[in-house]
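Below is one structure, written out as structure tokens; the observations come after it.
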Amino acid sequence: GAGVSQSPRYKVAKRGQDVALRCDPISGHVSLFWYQQALGQGPEFLTYFQNEAQLDKSGLPSDRFFAERPEGSVSTLKIQRTQQEDSAVYLCASSLAPYPRAEAFFGQGTRLTVV
Amino acid sequence: DAKTTQPNSMESNEEEPVHLPCNHSTISGTDYIHWYRQLPSQGPEYVIHGLTSNVNNRMASLAIAEDRKSSTLILHRATLRDAAVYYCILRAGYSGGGADGLTFGKGTHLIIQP
């Protein structure tokens with residue numbers, strides 16, 4: 001497809017369950033970002049990849065959160081032992097160049113609800 | 001990171017121009033001013049960015065103050081589809097190798113009245 005694709009669009013998880021969220025960036029995009037957006041708030045940065053290298057994971061809220069991009073394209077955000085406070089929309093974005101002024105393209109997000 | 005300040009919400013009428021202000025008094029000389037918007041149930045989308053000079057594209061115009069401590073996003077003729085949250089974001093003009101992510105604030109919720 002032409003844009004950033006995220007799956008699933010919606011995920012309901014029982015507290016304590018592990019979840020995996022997938023992001024397919026635009027082909028050829030070097031940079032990939034994950035964000036978490038709570039209801040009524042702006043997106044908050046979680047982690048950043050340049051190709052397969054995870055250059056910044058300072059925004060990951062706990063060691064239950066793990067992200068990978070093993071071949072420099074598709075990325076997976078994994079949350080272990082989900083908690084209710086993990087309920088949010090998780091957004092993925094990619095950009096062509098590893099420069100901060102490059103335009104970032106966002107997916108529609110995955111809405112995670114932990115019950 | 002340099003911070004931006006935006007009004008929480010603004011209201012405008014359809015087919016009228018909209019001026020969305022942003023203050024960024026601590027901007028550094030290499031920071032670019034970016035605007036993104038987020039329509040309901042969508043991911044953010046890029047609108048425009050600039051450094052010093054005013055910028056125009058098919059979506060909007062960006063007017064940057066001479067001292068660069070403020071900027072204004074201008075939608076020339078608002079439509080109902082422009083109703084969204086608009087975010088003004090500063091980005092360093094070089095790759096820090098690490099914290100290159102966009103830092104979103106709460107943005108301005110733009111309401112368009114028919």
Exercise for the section: Tally the residues that are open to solvent by 10 Å² or more (accessible area, probe 1.4 Å), touching a residue at least 60 places away in the same chain (Cβ under 8 Å) and away from chain B (no Cβ under 14 Å), restricting the search to the range A:70-113. Expected result: 6
Practice task
Could you tell me whether residue A:67 is surrounded by 18 or more Cβ atoms within 10 Å (Cβ to Cβ) and more than 7 Å from chain B (Cβ to nearest Cβ)?
Solution key: yes
Fill in the blank from the handout: Of the residues in the range B:65-88 that are assigned to a loop (DSSP other than H, G, I, E, B) and open to solvent by less than 50 Å² (accessible area, probe 1.4 Å), the one that is farthest from residue B:4 (Cα to Cα) is B:79
Exercise for the section: For the range B:53-64, state whether one or more residues are surrounded by fewer than 21 Cβ atoms within 10 Å (Cβ to Cβ), under 27 Å from residue A:36 (Cα atoms) and at pLDDT below 95. Expected result: yes
Exercise for the section: From (1) closer than 14 Å to residue B:85 by Cβ; (2) in contact with a Leu (Cβ under 7 Å, 6 or more places away or on another chain), pick out the condition that doesn't hold for residue B:54. Expected result: (1)
Fill in the blank from the handout: Checked A:58, A:62 against criteria (within 14 Å of chain B (Cβ to nearest Cβ), open to solvent by 30 Å² or more (accessible area, probe 1.4 Å) and more than 13 Å from the chain's Cα centre (by Cα)); the one match is A:58
Practice task
Identify, by number, the condition in (1) surrounded by 15 or more Cβ atoms within 10 Å (Cβ to Cβ); (2) at pLDDT below 95; (3) over 25 Å from residue B:92 (Cα atoms) that residue A:30 doesn't meet.
Solution key: (3)
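The values are calculated or read from the model by the stated rules, or taken from the named source; none is laboratory data. Predicted, not measured: the structure shown is a model, and the values here were computed from it. Reconstructed Cβ throughout: ideal geometry from the backbone, glycine too, with neighbour counts over all protein chains shown. Please note that ligands, DNA and RNA were not included when accessible areas were found on the heavy atoms of the full protein model with its side chains. Shrake-Rupley method; radii C 1.70, N 1.55, O 1.52, S 1.80 Å.
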